[in-house]
Amino acid sequence: MSERRLKNIWKAALAGLLVFTAACSQQEQKPDDHPTPYSGGEGEVPVIEAGIYDISKYGNIILTIKPDAMIGYGYEEADIIDVEIGGKHMKMPIGTNYSDVDAGRPVCRYDLENDPPYTTLAIASGNLATTMEVADKNETDDEKGYEWIYREGKDKDMAVTITMFEKQGYADEYAVHKVTATRTNERSDYPDLTDQEFCNFRVVETTGMGKGTLYRSSSPVNPKIGRNKEADEALSLNGVKTVINLADYEKEMKEFPDFSSSYYSRCEIIPLAMSMDITAEDNRKKLAEGLRFIAGHEGPYLIHCLEGKDRTGFICGVLEGLMGADLDEIVDDYMITYYNFYNVTKGAETYDRISAIIIHQILDAFKISSYTKLGEDEPLTPYAEKYILGLGLSEEELQNLKDRLAADWGGQN
């Protein structure tokens, strides 16, 4: 990758990060034991004490207070708040989507699309419940597939205290992140996209990848974002045989409407139910299972999560690097999703900032300290090999994986 381009990307990412860091004064994914509450004098926004309604599959804490009540007390989008749970504090901005913050950053989300709307505390691509030392996730064999075990001295009835930290302290960065709010779930809103582009389905064509071998998409089975039927049709048209489902447990996957009648259901599928925290040890074990599944089954292959954006983007980036792609190629493939969903094109201010997400994830996973450690257009194969072997795959399994991905499985583009 050219040094100039990477410098521009990192400068853009750093500029946005500094806005948030200066306002929040906290380390990534770390509770803060010494908050400095907002003090506005006359007309000060009141402190709120809420309860825990539920903890989601990904460790997001859903509060008992609804967004309209929060707004009524003066807590608006782009405000930065201090959240205290069980003596631990964390500062976070208020937004309406997890994508309103960078991966690894906390957010208080007004989930206005839900019925009824929820107020949710989360870490983008992370697990807030465990990070805040509230509860730990235990996978079960019952129909839900998991349960949350509260830490000693913690329970569902514990208080969550919310204090204003800085009014509109996140306004600048929030404006950049809101580009993701332009996505809808209506097919008619994307007249210039093909059905495959609409469902974020595409073949991966980076260096070393076999022809018609690896595909990626949004979920072909979960109807939540209104793209499953198009994705399922794309699987059929391209003859996909093996699927890595990063989002779902097996039981919930099979309970989605029309699952049994879908082309998807006739594929070889491994449901991994990975959380959004790609660095978590549990996710590393699940990723190893998924890669072994590819190595032991015939292509063409599909990797998907819900949107085909975050978890899918990272794992496709790892496999692209394994087969010989450089960072430029990985970024170009990753950013197609942002065109399909949000019409973000090269040259836009937000393009470099968003592309810094995958660059950071890949460099961090591959233990490359900075872009200056890479030569221009340097293949990432040795770094990817070391990363995958570190997941627990043997040399033989790694070679089988590479052989499968290098083969031409004959899917149609």
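Structure summary
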quantity	calculated
Matching residues in region 340-369 - criterion: being hydroxyl-bearing (Ser, Thr, Tyr) and in contact (Cβ under 8 Å) with a residue 60 or more places away in the chain	Tyr342, Thr350, Ser355
Members of region 236-275 that are in contact (Cβ under 8 Å) with a residue 60 or more places away in the chain, farther than 19 Å from Ile294 by Cβ and either among the charged types (D, E, K, R) or open to solvent by less than 10 Å² (accessible area, probe 1.4 Å) (or both)	Lys251, Glu252
Residues located in region 276-311, provided they are small (Gly, Ala, Ser), assigned to a loop (DSSP other than H, G, I, E, B) and open to solvent by less than 10 Å² (accessible area, probe 1.4 Å)	Gly299, Gly308
Residue check, Leu393 farther than 17 Å from Lys309 by Cα, touching a residue at least 40 places away in the same chain (Cβ under 8 Å), hydrophobic (A, V, I, L, M, F, W, C) and part of a helix (DSSP H, G or I)	no
Odd one out for Tyr150 among (1) among the hydroxyl-bearing types (Ser, Thr, Tyr); (2) without any contact (Cβ under 8 Å) to a residue 60 or more places away in the chain; (3) under 21 Å from Pro67 (Cα atoms)	(3)
Residues that are open to solvent by 40 Å² or more (accessible area, probe 1.4 Å), more than 17 Å from Phe314 (Cβ to Cβ), part of a helix (DSSP H, G or I) and of a type in the set (Val, Ile, Thr), drawn from region 327-372	Thr372
Matching option when the condition is open to solvent by 10 Å² or more (accessible area, probe 1.4 Å) and modelled with pLDDT under 95, among Gly104, Gly87	Gly87
Residue count, region 107-118 (criterion: without any contact (Cβ under 8 Å) to a residue 60 or more places away in the chain and open to solvent by 10 Å² or more (accessible area, probe 1.4 Å))	8
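A quick yes/no check of all residues on (1) modelled with pLDDT under 95; (2) polar (S, T, N, Q); (3) within 19 Å of the chain's Cα centre (by Cα); (4) closer than 15 Å to Ala384 by Cα:
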| site | (1), (2), (3), (4) |
| --- | --- |
| Ala288 | no, no, yes, yes |
| Val318 | no, no, yes, yes |
| Gly324 | no, no, no, yes |
| Tyr334 | no, no, yes, no |
| Tyr342 | yes, no, yes, no |
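Yes/no per residue for (1) open to solvent by 10 Å² or more (accessible area, probe 1.4 Å); (2) modelled with pLDDT of 95 or more; (3) farther than 30 Å from Lys144 by Cα; (4) within 21 Å of the chain's Cα centre (by Cα):
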site: Gln27; (1), (2), (3), (4): yes, no, yes, yes
site: Lys30; (1), (2), (3), (4): yes, no, no, yes
site: Tyr38; (1), (2), (3), (4): yes, no, yes, no
site: Tyr75; (1), (2), (3), (4): no, yes, yes, no
site: Ile80; (1), (2), (3), (4): no, yes, yes, no
site: Asn97; (1), (2), (3), (4): yes, no, no, yes
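The values are calculated or read from the model by the stated rules, or taken from the named source; none is laboratory data. Computed from a predicted model, the values in this text were never measured in an experiment. No Cβ is skipped: glycine too gets one built from the backbone with ideal geometry, and neighbour counts run over all protein chains shown. Keep in mind that these areas ignore ligands, DNA and RNA; they rest on the heavy atoms of the full protein, side chains included. Shrake-Rupley method; radii C 1.70, N 1.55, O 1.52, S 1.80 Å.
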